[in-house]
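A quick write-up on the structure given underneath.
A short reminder: the numbers here are calculations on the coordinates, not readings from a lab. Everything numeric in this text was worked out from a predicted model, so none of it was measured. Neighbour counts are summed over all protein chains in view; Cβ atoms, including those assigned to glycine, are modelled from backbone coordinates with ideal geometry.
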Amino acid sequence: MVDQNDAKIESGKLLHSKVEHKVYKGLHKGDMNSPKAIVVHQTGAATAQHTFNSYTSSPHGAHFLISKTGKIYQTALINKYTYHVGKLRSRCIETNDCSKAELAKANAIYLKKGESYGIRVKKLHKHELGKNYPDRYPSNTESIGIEIVGDHSTKNGYETVNALQNTSLEWLVAQLNKLLCLEDNDVYRHPEVSYKQSSEASSAKW
């Protein structure tokens, strides 16, 4: 019996009474031995079941999902990586915390004339992957994804994360940080690291 207060990780599973295991092996893309960061998402769907349905056929998905009631589901093993981040932004460009040479190099890729936006983003992503975290944002292969159920509308963006969800998110992030030896600055909102709408997870708190 798992202690009610202490979570632990065994064989890639987070064991605690707060977590229900609903693992979709089709989400697993390879081994992830040492997660270095957490990325917080919103699903863009109205219910948890919508996301579960997508996980049966889509190659994309995260490790955890928090329903509107605050229920935490583990949907992929922690020791496996999944496709949840997307193409990386340049941390150098976004934060300006890098050398002038690196900033010039990143901007030369991102602002190159005569190439489409999609091609420039793809090339910048490839450039970023040549660095090590935390000199760049975390990629799929080294980060845990947490999805929060929240619908999306063209007019209003993503709906507000509710109090039950934020309470569960705070608990889950704290447990993962402790068990994986991560820091608070290793936790990111999806739009920080990739090219997503700014309202995604903007109301998430941990």
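Listed values, structure above:
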{"quantity": "For region 99-140 versus region 32-91, the gap between their alpha-carbon centres in whole angstrom", "calculated": "24"}
{"quantity": "Neighbour-count order for L111, L179, L77, fewest beta carbons within 10 angstrom listed first", "calculated": "L111, L179, L77"}
{"quantity": "Rg/Rg_ref, region 13-57, where Rg_ref = 2.2 N^0.38 Å and atoms are Cα", "calculated": "1.36"}
{"quantity": "Within region 75-176, GluC sites (Glu not before Pro) in DSSP loop having at most 16 other beta-carbon neighbours inside 10 Å", "calculated": "E115"}
{"quantity": "Violating pairs (Cα-Cα greater than 29 angstrom) within the set K8/K68; K29/K126; K105/K178; K29/K122; K105/K155; K87/K113", "calculated": "K105/K178; K105/K155"}
{"quantity": "Pairwise Cα inverse-distance average, inverted: Kirkwood Rh of the chain (Å)", "calculated": "17.7"}
{"quantity": "Net charge, N79 excluded, C-beta distance under 14 Å - Lys, Arg +1, Asp, Glu -1", "calculated": "+3"}
{"quantity": "Dipole magnitude of the chain, debye to nearest 20 (Cβ charges: Lys/Arg +1, Asp/Glu -1, about Cα centre)", "calculated": "800"}
{"quantity": "Candidate aspartates and glutamates for bridging to K131, where Cα separation is under 12 Å - those fewer than 8 sequence places away on the same chain excluded", "calculated": "E102"}
